[in-house]
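Remarks on the structure that follows.
The values are calculated or read from the model by the stated rules, or taken from the named source; none is laboratory data. Being a predicted model, the structure only gives us computed values, none of them experimental. Virtual Cβ from ideal backbone geometry, glycine too; neighbours counted across all protein chains shown. For the accessible areas, the whole protein counts, side chains as well, though only heavy atoms, and no ligand, DNA or RNA atoms are used. Shrake-Rupley method; radii C 1.70, N 1.55, O 1.52, S 1.80 Å.
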Amino acid sequence: MEGPIILLIEFIFYHFLVVISIPANLVTITILSRGKCGISPGVCLYLISMATADLMVVFVSLLLNSLGSRYFPYTFLFYTAVCRTVTVLGYAAIDCSVWLTIAFTIDRYVAICCHNLKARYCTQKTAVAVITTVCLVNILRNVPFYFKFQPYGTLGGVLWGCANRQEFFTLPGWVAFFWLHHLLNPLIPYLLILLLNALTVRHIVLANRARRGLRASSKGEQREDAEVANRRRSIMLLFVVSGSFIFLWMTKIVIFLLMEISKRHVYPSYNHPVIIADHTGTILFYLSSCTNTAVYALTQSKVREQLKRAVKYPFTLICDQVSSLK
């Protein structure tokens, strides 16, 4: 492949993500759907929806858009209507993935810090309502992107290709939409996750300090505090999920702010440090779409157990078939 090294790395990495992320997210969805991981139904719904959104990000944005258009030129993927639709679905999938992470973070914040609200909010019914609303809103708010593009021309009487309309970058309405889009993803979500995690950490530190003080004055009991241990396990998943999001989106956000503050969006070559950092940020935020399985396996012992069973199942099946033939 000809071209700058960053484009070659990006191209290779997209193949890696497709090969790894699609089966990983499918396994995650399957395991969580069985409901045998010791996770509450509401939390399980959030995790399944996040894995599904990540699966759609990889399938639409990487497999269909980035790789499909390269390997299958002059196919239906280049019809103007198709590439417009794929672009809208790609934006919507990324937004759903981000805002479902926010919804999960809010749910865990309420569960840990708002005991009066916990019984009413942290339920399966609320999770279904929140997930449905988040997905519908993010799909609808990305529909304007369908009109961002115009065809390159016609081929066989069919509108062909997708080119950016110049007015998208100049008309006040489009400029306002562009800024609103980037405020809703990733600037506001990023700040929300930082804020919610800071508040959660503060609540946990104060609660643990108060609990240690009470236990110290209760007849010198030295046994491990079961409540603190349970709380520690319950927040581990939250911090790993949100921490992964913060780390993997950081480069993309910094570069976006740098470009907007400097009012410079065009650079002389792909070897410019800012362009290299921008493509690196894109690779990292796509990487966040295949970290679910690893995150859940690292933080949840029952998920690890189910993964081990899933890995062993084909070999067990083969051994059983061989034994039945003897």
- Task: Report Thr85's accessible area, 1.4 Å probe, all protein chains in place, as a number in Å² to the nearest 10.
- Result: 60 Å²
- Determine the share of the stretch 129-191's accessible area contributed by carbon and sulfur atoms, expressed in whole percent, with a 1.4 angstrom probe. 75 percent
- Item | Additional length obtainable on full extension of the chain from Ser40 to Tyr74, 0.36 nm per residue less Cα span | 7.5 nm
- Accessible area, 1.4 Å probe, largest first: how do Ile102, Ile94 sort? Ile94, Ile102
- Item | Accessible area per residue in Å² at 1.4 Å probe, computed on the chain | 56 Å²
- Message: Suppose a student asked you for the relative contact order of the stretch 80-181, using Cα pairs under 8 Å spaced at least 6 residues apart; what percent would you report?
- Response: 32 percent
- Taking Cβ-Cβ under 4.7 Å as the only way to count a partner, pick out the unpartnered cysteines of the chain. Cys37, Cys44, Cys96, Cys113, Cys114, Cys122, Cys135, Cys290, Cys319
- Per-residue ellipticity at 222 nm for the chain, helices alone: DSSP H runs ≥ 4 residues times -39500 (n - 2.57), over residue total, nearest 500 deg cm²/dmol? -24500 deg cm²/dmol
- Task: Quick one: compute the contact order of the chain, relative version, from alpha carbon pairs under 8 angstrom and 6+ residues apart, as a percent.
- Result: 24 percent
- Specify the inter-centroid distance of the stretch 111-178 and the stretch 48-97, based on alpha-carbon positions, in whole Å. 14 Å
- Message: Order Asp320, Asp278, Asp95 by their accessible area, 1.4 angstrom probe, all chains in place, largest first.
- Response: Asp320, Asp278, Asp95
- Task: Provide Arg34, Arg84, Arg304 ordered by accessible surface of protein heavy atoms (probe 1.4 Å), highest first.
- Result: Arg34, Arg304, Arg84
- Query: Which one, [x] 69, 48, 32; [y] 60, 51, 35; [z] 82, 68, 39, gives Cα extents along the principal axes in Å as derived from the coordinates shown?
  - Reply: [z]
